[in-house]
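Visitor: The structure under discussion is supplied below as structure tokens; questions concerning it will follow.
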Amino acid sequence: GDVYKRQGFGFSEGSLAIAADGDFSYDLQSETGGIGLGARVRYKITPALGLYTRRQLVMNLIGDGQKPAELHLPLGAGYQVNDQLYAFAETELAQLNLRHSTTLAIFADYLPLTVGAVYVVSPKLEFGGTLYTDLRNSAFDALSIGGFGRAYF
């Protein structure tokens, strides 16, 4: 199956697919959490390779102090390795301050890179992991590793 199709509610499919996108995240170390919202847009270059964008509005809702909000301009590439494995790499062209945040531009301020994979255990369960760094600002100082799971009901 196409793992990418499973990750949103599709309004259109085919070479160009558009879906609503939303998620909730919580950082155990900083005890902060928030939501990400946006349009998930994917263009298939080949049946296995596609370019995509997702999660443009990010708002921190849980935690002490100021709760930042930003508009992100992400761009990624994903590859469907087989029916169970999907690999991806993504960056961010810019981050625009909406509230209590910072405006950043790729190359001038940062060069973010996230690589990861999603493994489908069954049609209703998948797990994945990510590795994030900022290649412009001392890559190993800003290294973070993440994991996630998705259940479909």
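The values are calculated or read from the model by the stated rules, or taken from the named source; none is laboratory data. Remember, predicted model here, so these are calculated numbers, not experimental data. Positions of Cβ are generated from backbone atoms using ideal geometry, with glycine treated the same way; all protein chains shown enter the neighbour counts. Areas reflect the complete protein model, heavy atoms only, side chains present, ligands, DNA and RNA absent. Shrake-Rupley method; radii C 1.70, N 1.55, O 1.52, S 1.80 Å.
Visitor: Would you confirm whether any residue within region 80-87 is surrounded by 18 or more Cβ atoms within 10 Å (Cβ to Cβ) and under 18 Å from ARG150 (Cα atoms)?
Guide: Yes: one or more hits.
Okay, residues lined up against (1) farther than 21 Å from LEU49 by Cα; (2) modelled with pLDDT of 95 or more; (3) not in a strand (DSSP E or B):
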position: TYR86; (1), (2), (3): no, yes, no
position: ALA89; (1), (2), (3): no, yes, no
position: LEU96; (1), (2), (3): yes, yes, no
position: SER101; (1), (2), (3): yes, no, yes
position: THR114; (1), (2), (3): no, yes, no
position: VAL118; (1), (2), (3): no, yes, no
position: GLY147; (1), (2), (3): yes, no, no
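Visitor: For region 1-31, give me the residue count where each residue is open to solvent by less than 40 Å² (accessible area, probe 1.4 Å) and either in contact with a helix residue (DSSP H, G or I) (Cβ under 8 Å, 6 or more places away or on another chain) or at pLDDT 80 or above (or both).
Guide: The total comes to 3.
Visitor: For the subset of region 89-104 comprising residues that are without any contact (Cβ under 8 Å) to a residue 24 or more places away in the chain and open to solvent by less than 40 Å² (accessible area, probe 1.4 Å), which member is farthest from the chain's Cα centre (by Cα)?
Guide: Per the criteria, the residue is ALA94.
Visitor: Something else about it: Kindly provide the set of residues from region 41-69 that are part of a strand (DSSP E or B), of a type outside the set (Lys, Arg), closer than 18 Å to ALA20 by Cα and open to solvent by 30 Å² or more (accessible area, probe 1.4 Å), ordered by number.
Guide: Passing the criteria: VAL41, TYR43, LEU51, THR53, LEU57, MET59.
Visitor: Next question. Give me the pairs: first residue in region 124-153 and farther than 16 Å from LEU85 by Cα and β-branched (Val, Ile, Thr), second residue open to solvent by 70 Å² or more (accessible area, probe 1.4 Å) and part of a loop (DSSP other than H, G, I, E, B), beta-carbon distance under 8 Å, and six or more apart or on different chains, which are they?
Guide: Every condition considered, the pairs that remain are THR133/PHE140; THR133/LEU143.
Visitor: Then there is this: Looking only at region 112-126, count every residue that is closer than 19 Å to GLY76 by Cα and open to solvent by 50 Å² or more (accessible area, probe 1.4 Å) and tell me the total.
Guide: Matching residues across region 112-126 total 3.
Visitor: Inspect region 77-84 for any residue being in a strand (DSSP E or B) and within 23 Å of VAL58 (Cα to Cα) and give the result as yes or no.
Guide: yes
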